[in-house]
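These notes concern the structure reproduced below.
The values are calculated or read from the model by the stated rules, or taken from the named source; none is laboratory data. Since we're looking at a predicted model, the values are computed, not measured. Cβ coordinates were reconstructed from backbone atoms using ideal geometry, including for glycine residues, and neighbour counts include every protein chain displayed.
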Amino acid sequence: MSKKKIFWCKTCLNMSTRPRIEFNSKGSCNACLRTEEKKTIDWNKRNDELKLLLDKYRSKDGGFDCVVPCSGGKDGSHVAYNLKHKYGMNPLAVTIRPALSMELGDKNLYNFIHSGFNHIHVTPNPKVMQVLNKYGFIEKGFPYYGWLIAIHTAVIRTAYNFNVPLIFYGEDGEVEYGGSVENKDRAMYGIDYMKRVYLEGGYEKVLKKAVDDGILESSDLYFFNFPNDNEIKKKDLSFTHWSYFENWDPYTNYLTAKNNCGLQEKDDANSGTFTNFAQNDQALYSLHAYLMYLKFGFGRATQDAGIEIRREAMTRDQALNLVKIYDNMYPSEHIDDYLEYYQMSKEEFDVVIDKWVNKDLFVKEDGIWNPKFEVGQDFEI
């Protein structure tokens with residue numbers, strides 16, 4: 001059997017195991033290549049495209065003219081703030097309530113709303129959400145898969161019901177952080193892309209299994225189903241990423257949210273990373289980041305370090321040290337919450353974790369999964 005080489009980007013620390021990532025002949029990943037490419041983009045021209053799009057959908061009667069998914073975090077706040085205050089739009093902010101929401105996230109959402117936004121808080125049936133999150137955890141290794149579905153389906157359904165056809169998501173994470181670049185030169189995208197890329201395919205299988213197992217009824221899934229093609233066409237629903245129109249920078253977004261929308265940071269670093277100003281809305285994100293590490297060999301610290309390297313705020317050597325410290329951080333502070341939420345024993349929980357570990361990358365020693373590799377040092381499996 002031929003061996004497979006595992007390697008890291010020579011510019012940042014993106015790992016070759018990242019789904020859909022590509023590298024050039026010099027070993028730089030497509031996220032780093034995209035950073036260089038963005039220096040050549042005519043952002044004034046992109047801004048003109050944005051203005052044309054906004055004028056097409058701008059309300060003439062004072063109604064809402066676009067929807068922005070917002071958790072109260074930096075990215076949605078940045079998009080909503082600019083749409084309202086820079087471009088004179090009337091955005092409707094929509095939040096899909098996550099399971100195991102955290103106090104700081106709730107406070108940041110409150111601050112965002114009270115900085116001056118119209119807002120809808122959608123809470124899909126929590127029992128249904130729990131079932132889908134548990135199925136996602138067990139069947140796909142996605143601990144908040146139900147919520148991941150709903151931030152697409154329920155947001156789009158809300159836009160449909162309010163007759164607001166234009167929906168602005170923040171960034172295309174595939175293009176910005178390493179993955180598929182098929183949409184890098186397209187302003188708009190469709191539901192097929194959401195299903196195939198953001199929901200990793202097979203989203204219908206999770207819903208079908210929950211129904212076939214007799215746990216849920218089809219009628220439970222209103223907020224977890226996309227509108228059909230006829231509904232999309234009827235309301236002219238359109239989906240776009242703000243990152244197509246602006247040179248996307250998460251730190252700039254953080255400053256916008258902090259200075260204008262009341263965003264507050266944690267007092268210390270977030271679980272699994274060295275930053276403290278992102279992903280503070282739900283406890284399940286820490287489990288997601290840990291599973292990502294066990295599946296692919298990189299975690300939240302690697303992703304944050306890549307962002308810092310690409311914006312020239314950190315060297316690769318500095319990032320290496322931080323990744324070695326933080327990536328393999330077990331989310332111990334939330335384990336009791338996870339067990340209660342999933343209605344699992346610790347033994348059952350560990351069986352699911354172990355199921356998703358890449359055994360080529362990790363070995364279990366004294367009950368702890370440890371990497372077989374040294375970050376940044378290429379090896380073969």
Can you tell which of 84, 45, 51 is over 28 Å from residue 182 (Cα atoms), at pLDDT 95 or above and not in a loop (DSSP other than H, G, I, E, B)?
84
Scanning the range 96-122 residue by residue, the ones that are under 14 Å from residue 281 (Cβ atoms) and of a type in the set (S, T, N, Q) total 3
Please enumerate the residues belonging to the range 348-377 that are of a type in the set (Phe, Trp, Tyr) and outside any strand (DSSP E or B).
349, 356, 373
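Matching residues to (1) over 30 Å from residue 313 (Cβ atoms); (2) among the aliphatic types (A, V, I, L, M):
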| residue | (1), (2) |
| --- | --- |
| 193 | yes, no |
| 209 | yes, no |
| 213 | yes, no |
| 219 | yes, no |
| 231 | yes, no |
| 243 | no, no |
| 255 | no, yes |
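Please work out if residue 284 is crowded, with 22+ Cβ neighbours inside 10 Å and within 20 Å of residue 102 (Cα to Cα).
Values: crowded, with 22+ Cβ neighbours inside 10 Å: yes; within 20 Å of residue 102 (Cα to Cα): yes.
It is true that residue 284 is crowded, with 22+ Cβ neighbours inside 10 Å and within 20 Å of residue 102 (Cα to Cα).
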Taking into account only those residues within the range 341-360 that are among the aliphatic types (A, V, I, L, M) and within 23 Å of the chain's Cα centre (by Cα), which is nearest to residue 287 (Cα to Cα)?
353
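If a residue must be closer than 20 Å to residue 277 by Cβ, surrounded by 17 or more Cβ atoms within 10 Å (Cβ to Cβ) and touching a Phe, Trp or Tyr at 6+ places or on another chain (Cβ under 9 Å), how many such residues does the range 311-332 contain? First the steps, then the outcome.
Going through the range 311-332, the residues closer than 20 Å to residue 277 by Cβ turn out to be 311-314, 318-319, 322-323, 325-327, 329, 331.
Filter once more, keeping what is surrounded by 17 or more Cβ atoms within 10 Å (Cβ to Cβ): 314, 319, 322-323, 326-327, 329, 331.
Then drop every residue that is not touching a Phe, Trp or Tyr at 6+ places or on another chain (Cβ under 9 Å), which leaves 322-323, 326-327, 329, 331.
Here the count works out to 6.
So how many residues does the range 200-241 have that are part of a helix (DSSP H, G or I) and either outside the structural domain of residue 122 (by TED's automatic domain parsing) or hydroxyl-bearing (Ser, Thr, Tyr) (or both)?
The qualifying residues number 4.
Say we look at the range 338-355 and pick out the residues that are surrounded by fewer than 16 Cβ atoms within 10 Å (Cβ to Cβ) and in contact (Cβ under 8 Å) with a residue 60 or more places away in the chain; which of these is nearest to residue 13 (Cα to Cα)? Full working, then the answer.
Initial filter on the range 338-355 (surrounded by fewer than 16 Cβ atoms within 10 Å (Cβ to Cβ)): 339-340, 343, 345-348, 350-351, 354-355.
If we keep only those that are in contact (Cβ under 8 Å) with a residue 60 or more places away in the chain as well, we get 343, 355.
On the way: 343: 37, 355: 26 Å.
Once the filter is applied, the top-ranked residue is 355.
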In this structure, does residue 265 turn out to be buried (at least 16 other Cβ atoms within 10 Å of the Cβ), acidic (Asp, Glu) and modelled with pLDDT of 95 or more?
no
